[in-house]
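Take a look at the structure below.
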Amino acid sequence: MERRKVLTACGTVLTGALAGCGGGGGGEEATPTGTAESTATGTPTATATDTPEPTATATEEPTATATATPGPDGPTHDLGESFTVGSGTEAIGYRIIDLYRADRIGNQANSATADGTFLIIILELSNPRRNSISFPNNNFLVWNEEQILYLDDNATPKIGDDERIDVQPIGTTTVLADSSKTGAVVFDVDPDRTYWIRINPTGDSGETHYVRIGSVSEVEELQGSFT
């Protein structure tokens, strides 16, 4: 009878709670030892990330920069403008009147033929000094950055024989004090080049002066037949 009561009581306890009903006597509470099923943890799979291939950057070609041609290092003047080079007893006045070109100068009996083409410079030479002066041949030049040209001693005198132009040579002239003369000098130049007239002072005073000729091919050519 006692065992039945215990079982009944145990059944009552089991109905309320599983804990508290142990196997055998002694009154110790049994601890449930049920093992929970382990949940499988998936190992994360590394996802390959596509690495974009480097894009080639086009390198710009360097742009060529045109280098400006150096200009004159002194005062510049236009055609028809009067100016003085030097000062005091070394002063000489100039006025470049006109420019022409021709492959031959003179006449049939007495002519000169250019290696390139002849540049004819018509000018007025003024003498503000108290004594007479000669044309400063070695100081009156045709110039660019690569060439310095002196007047053509052979062609210049022949300009007076050329009926296409009414002017006398001035390369060997003498100008009296307080006077002026008009005439022409001739240079043998490259027809495809650009030039300046360059006039240096005859002494130590003053600056070098320039008059622009430009491209010789654009200078007016002497018109008329060569006689």
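Rule-based calculations on the coordinates, nothing more; no lab input. Note that the coordinates shown come from a computational prediction; the quantities given were computed from them, not determined experimentally. Please note: Cβ atoms are built from the backbone with ideal geometry, for glycine as well, and neighbour counts cover all protein chains shown.
See the values below:
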| quantity | calculated |
| --- | --- |
| Pairs with Cβ under 8 Å, 6+ apart, first in the stretch 86-106 and at positive phi and in a loop (DSSP other than H, G, I, E, B), second of a type in the set (A, V, I, L, M, F, W, C) and surrounded by 15 or more Cβ atoms within 10 Å (Cβ to Cβ) | Gly86/Ile92 |
| Residue within the stretch 179-194 that is closer than 18 Å to Ile92 by Cβ and aromatic (Phe, Trp, Tyr) present | no |
| Residue list for the stretch 67-96, restricted to those being of a type in the set (A, V, I, L, M) and within 23 Å of Asp190 (Cβ to Cβ) | Ala68, Leu79, Ile96 |
| Enumeration of residues in the stretch 167-177 that are hydrophobic (A, V, I, L, M, F, W, C) and in a loop (DSSP other than H, G, I, E, B) | Val167, Ile170, Leu176, Ala177 |
| Qualifying residue in the stretch 174-193 (condition: free of Cβ contacts under 8 Å to residues at least 60 places away in the same chain, over 24 Å from Asp73 (Cβ atoms), surrounded by fewer than 15 Cβ atoms within 10 Å (Cβ to Cβ) and among the β-branched types (Val, Ile, Thr)) | yes |
| Members of the stretch 113-132 that are without any contact (Cβ under 8 Å) to a residue 60 or more places away in the chain and part of a strand (DSSP E or B) | Thr113, Glu124, Leu125, Ser126, Asn127 |
| Test: residue in the stretch 178-195 that is closer than 27 Å to Arg129 by Cβ, outside any strand (DSSP E or B) and not hydroxyl-bearing (Ser, Thr, Tyr) | yes |
| Residues of the stretch 140-169 satisfying the condition of being out of contact with any strand residue (DSSP E or B) (no Cβ under 9 Å at 6 or more places or on another chain) and closer than 18 Å to Glu220 by Cβ | Glu163, Asp166 |
| Filter pass, Arg164 being surrounded by 16 or more Cβ atoms within 10 Å (Cβ to Cβ), out of contact with any Lys or Arg (no Cβ under 8 Å at 6 or more places or on another chain), more than 12 Å from Val186 (Cα to Cα) and free of Cβ contacts under 8 Å to residues at least 40 places away in the same chain | no |
| Hits in the stretch 208-227 (condition: within 30 Å of Pro128 (Cα to Cα), of a type outside the set (Ser, Thr, Tyr) and surrounded by 15 or more Cβ atoms within 10 Å (Cβ to Cβ)) | His209, Val211, Arg212, Ile213 |
